[in-house]
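Encoded as structure tokens, the structure appears first; notes follow it.
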Amino acid sequence: MRIALITDSHLSPRAPECVTNWDAARRAVERLSPELTVHLGDISLDGQTHPDELDFAAALVQRWPTEMRCLPGNHDMGDGSGEVPLDDALLASYLRLFGPDHWSLSVDGWQLLGINAQLLGSGTPREFEQWRWLEALACASPSPTRTALFLHRPLARVRPNDPKDRGRYVTRAARERLLDGPLKPTLRLVISGHTHQYLDVVASGVRHVWMPSSGFVLPDEMQARVGEKLVGIGLLDLDDETMRFDLCCPDGMVRHELSAMPVFQALSRSHQIGQTK
């Protein structure tokens, strides 16, 4: 199965640069003909403070050329993740517009699991419900199945020079439960967004891929460099024997820097995007 991957598209009429890059990604996906697209979150520019941007983004998602499974990011439903209280109203808006915030698919010997990273560490009934769902699936899967996990935030600090912790990764308790709990026998791949950087590393037998944003990068003075700062989409090919990931920057997709975009001043007043990546 071929799966297209996109993240941190930050769609809004206030950010036409991001919409133009989205259109470039759409044209590439039409040409490459994957069977599915996974969006890893931050679909909207700042839907948590501008709810109309969630509607705008949802309209563009509905016109995507393949089936799209989405996951929420902090700009879609608030920071959550144990750092601020979970906003149930924002989550309800996300669910209404983009569908389930966690899901499972079985394809070609793989179990694909998408989870809501913004719930992890929140201590809410919704988090406990997601854990029960996830662990029930893990225990029910036959042992030969390989698992790929999709979520907005990365699981682990994979390079020692990364100065960030809070705001970038899931909580330590959630990371340990995901990597060392019931998923451990089958977990082979974790794909995340959020950082606006590209990184592809293997740690303890699990491949961790950080997908770059399709919209823009953050300059080094706003965000420490851990991976590569570029824009693009991903292609994941899975079958019973192999796993292949390719990153591409489609024709027409431009590497915008947030600080050079006209919307930046308004963004910096409403939400410190450079401080949470």
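Rounded to the nearest percent, how much of the accessible area of the chain (1.4 Å probe, protein heavy atoms only) is carbon and sulfur?
C and S atoms contribute 50 percent here.
With charges only on Cβ, +1 for K and R and -1 for D and E, what is the dipole size of region 1-125 about its Cα centre, in debye, rounded to 20?
480 debye
With n ≥ 4 as the cut-off for DSSP H runs, can you work out [θ] at 222 nm for the chain, using -39500 (n - 2.57) per run divided by the number of residues, rounded to the nearest 500?
-8000 deg cm²/dmol
Rolling a 1.4 angstrom probe over the protein heavy atoms, how many square angstrom per residue are accessible across the chain?
Value returned for the chain: 40 Å² of accessible area per residue.
Can you give the Rg/Rh ratio of region 1-113, where Rg is from the C-alpha atoms and Rh is the Kirkwood radius?
0.98
Which whole-percent values make up P(r) of the chain when all C-alpha to C-alpha distances are grouped in 5 Å steps starting at zero?
1, 6, 14, 19, 21, 18, 13, 6, 2, 0, 0
Provide the gained length on full extension for the span Glu221 to Thr242, in nm with one decimal, where the gain is 0.36 nm per separating residue minus the Cα-Cα distance.
Working it through step by step, the gained length comes to 3.6 nm.
Principal axis lengths of region 57-199 from Cα atoms, whole Å, largest first?
Taking max minus min along each principal axis of the Cα atoms, region 57-199 gives 38, 38, 33 Å.
Using only the alpha-carbon atoms of region 182-249, report the extent along each of the three principal axes, biggest first, to the nearest angstrom.
Principal-axis extents of region 182-249 (Cα, largest first): 41, 24, 15 Å.
The values are calculated or read from the model by the stated rules, or taken from the named source; none is laboratory data. Fair warning: this is a prediction, and the values are worked out from it, not measured in the lab. Backbone-built Cβ (ideal geometry, glycine too); neighbour counts: all protein chains shown. Surface areas here come from the heavy atoms of the whole protein model, side chains and all, with no ligands, DNA or RNA. Shrake-Rupley method; radii C 1.70, N 1.55, O 1.52, S 1.80 Å.
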